[in-house]
Amino acid sequence: MKPLLEISFSSFAAQFDKWLNGVVSNSFIVLVAELVVTGVCLLAFLVLLCFFLGYMERKVAGFIEIRLGPNRVGPKGSFQIVADTVKLLFKEGITPSSSDKFLFHLAPVIVVTAAMLAVAPIAFASHFQVYDISIGVLYVSSVSSVAVIGILMAGWSSYNKYSLLGAMRSGAQIVSYELSVGLSLISIVILTGSLRISDIVMSQENGWWLFKGHIPILISFVIFLIASTAEINRAPFDLTEAEQELTGGYHTEYSGMKFAMFLLAEYINLFVVSAIAATIFLGGWMPFHLGHWHAFNSIMDWIPSSLWFMGKTLFIVFIIMQFRWTFPRLRIDQLLNLEWKYLLPISMVNTILVTVMAIMGWHF
Amino acid sequence: MFLKDYFSTIYKSVSSLLTGMKLTGYYFTHPKEIQTEEYPDNRATLTMFDRFKGEVTMPHDENNEHRCTGCQACEIACPNGTIKIITKQELQPDGKKKKAIDAFIYRLEMCTLCNMCISSCPSDAIKMGQTFEHSVYDKKQLTKILNKPGSKIMEGVE
């Protein structure tokens, strides 16, 4: 059976490239133009996605807490987030008088940039990536830890004890949970033998790693979810903001659009983490296939690959949101105990198990 | 022993986390559990629960008769001085005089809805009403006379 849409994202991109090459002869200008177009498209997509995720978060929170969520602005409250954005746009951006002005203004930019950089190697649809870098997994895990510099910068430059405490906590948290995230990513890299995102997706053509990799991969999937929730500073690991203790953590002193940029970065990070989890463990844009059931498989192929990717990503996003609205926040010592006493030893043993599994060829 | 504790901690924490997620997942997938009242929109169908205390009211029957004897027990019981009862002497058909209420003055702006007047009333003359939309522009409108004009005491209530 043919796919639902004749035009896929990849063929559209190829046609655009062909058209631009026909119009402009200079290849350098073509490259620059394509980079600009890609950047603008990605930016627009991410901002729209953040609107959607903000709305989804509120609705999920509402339904979990037996409320309705936003339901006044627009149909079913869907324009609530637009109203909030307009409110933030019109707010005064206050800079504390004793703050380090340069770092204070730079910090939100760094946080957003780090979040957006990590989007580059994500495969949105079949053969549709911004940059299929050969070390994709390594790139994502390294770039996403740059954000901690922005957070530390924000906390330091605010000249506020709450901000600094929040930033220090964030540093401790990200540095420790990075290890578990890395080890659980490595377990898939061991099985795939490649760091390239497209290779990892293609290796799941006959089944997703979550099903092919038996219990060790299931464990590393759970560890990845927990550790990456901690890495993007979301509840129940939101010690960096901890409203009740630190009023707002590292972004206490930020207001207006600079605060909105932190919010944007939070949702982009949420998307990136979910997209990586969906790509690595759930097969990215690969449709769900069941053995030799050809009829079932062809129906699954009929659904466009971009929908598969978004569906899986939103599923992971939902799970992370459910974490947030179910569990109470951890104390800082509990947080570090969880990482160093439980997640890290388990994921180390797990990595050994996966290695043995890969050597003996026990996976499907 | 250490390993046993270690793994039992993991097992206990994972199972308790899953219990929590099961509950929130249940709430998420069952929108009928939602408790929110969309108040100004559902004004027509809104019913308050039985024990809701909105204001003190004096029920009158179809003959415009109430049960208040004017004993002033509520006035004494009220901690805020919310209730003021003005009595009069009414001439009975048999020529005797009998005490009856002229005005049952109730000041809603001073009332804390503590229910002490209602529990002290020996003849069940006053009750808590269900209305709660009391906002007015003038404070004077909150001082109410609860007995309706021309009303008299019900037959048989002493």
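For residues that are polar (S, T, N, Q) and in contact (Cβ under 8 Å) with a residue 24 or more places away in the chain, scanning just region B:79-95, find the one that is surrounded by the fewest Cβ atoms within 10 Å (Cβ to Cβ).
Top of the filtered list is B:80.
Return yes when residue B:76 is among the β-branched types (Val, Ile, Thr), in contact (Cβ under 8 Å) with a residue 12 or more places away in the chain and touching a strand residue (DSSP E or B) at 6+ places or on another chain (Cβ under 6 Å) and no when it is not.
Criteria not met by residue B:76.
Please determine whether any residue of region A:295-307 is within 14 Å of another protein chain (Cβ to nearest Cβ), under 17 Å from residue A:56 (Cβ atoms) and surrounded by fewer than 18 Cβ atoms within 10 Å (Cβ to Cβ).
For region A:295-307, residues within 14 Å of another protein chain (Cβ to nearest Cβ), under 17 Å from residue A:56 (Cβ atoms) and surrounded by fewer than 18 Cβ atoms within 10 Å (Cβ to Cβ): absent.
Out of the residues in region B:113-158 meeting the condition of being among the β-branched types (Val, Ile, Thr) and surrounded by 12 or more Cβ atoms within 10 Å (Cβ to Cβ), tell me which one is farthest from residue B:83 (Cα to Cα).
The residue in question is B:157.
Output the residues belonging to region B:112-131 that are in contact with a strand residue (DSSP E or B) (Cβ under 8 Å, 6 or more places away or on another chain) and either over 13 Å from residue B:75 (Cβ atoms) or of a type in the set (A, V, I, L, M) (or both).
Those that are in contact with a strand residue (DSSP E or B) (Cβ under 8 Å, 6 or more places away or on another chain) and either over 13 Å from residue B:75 (Cβ atoms) or of a type in the set (A, V, I, L, M) (or both): B:113, B:115, B:118, B:125, B:126, B:127, B:128, B:129, B:131.
If you take the residues of region B:1-49 that are at the interface with another protein chain (Cβ under 9 Å from one of its Cβ atoms) and among the acidic types (Asp, Glu), which of them is nearest to residue A:219 (Cα to Cα)?
In this case the residue turns out to be B:33.
Does region A:7-30 include one or more residues that are in contact (Cβ under 8 Å) with a residue 24 or more places away in the chain and within 14 Å of another protein chain (Cβ to nearest Cβ)?
No - not one qualifying residue is present in region A:7-30.
Given the criteria within 12 Å of chain B (Cβ to nearest Cβ) and free of Cβ contacts under 8 Å to residues at least 60 places away in the same chain, does residue A:328 qualify?
Judged against the criteria, residue A:328 is not a match.
Somewhere in region A:313-333, is a residue at pLDDT below 85, over 22 Å from residue A:186 (Cα atoms), in a helix (DSSP H, G or I) and touching a Phe, Trp or Tyr at 6+ places or on another chain (Cβ under 8 Å)?
Within region A:313-333 (the criterion being at pLDDT below 85, over 22 Å from residue A:186 (Cα atoms), in a helix (DSSP H, G or I) and touching a Phe, Trp or Tyr at 6+ places or on another chain (Cβ under 8 Å)), the answer is no, since none of the residues qualifies.
Among the residues of region A:57-75, count how many are more than 12 Å from every other protein chain (Cβ to nearest Cβ), in contact with a helix residue (DSSP H, G or I) (Cβ under 9 Å, 6 or more places away or on another chain) and assigned to a helix (DSSP H, G or I).
2
The values are calculated or read from the model by the stated rules, or taken from the named source; none is laboratory data. Since the model is a prediction, treat every value here as computed from it, not as a measurement. Virtual Cβ from ideal backbone geometry, glycine too; neighbours counted across all protein chains shown.
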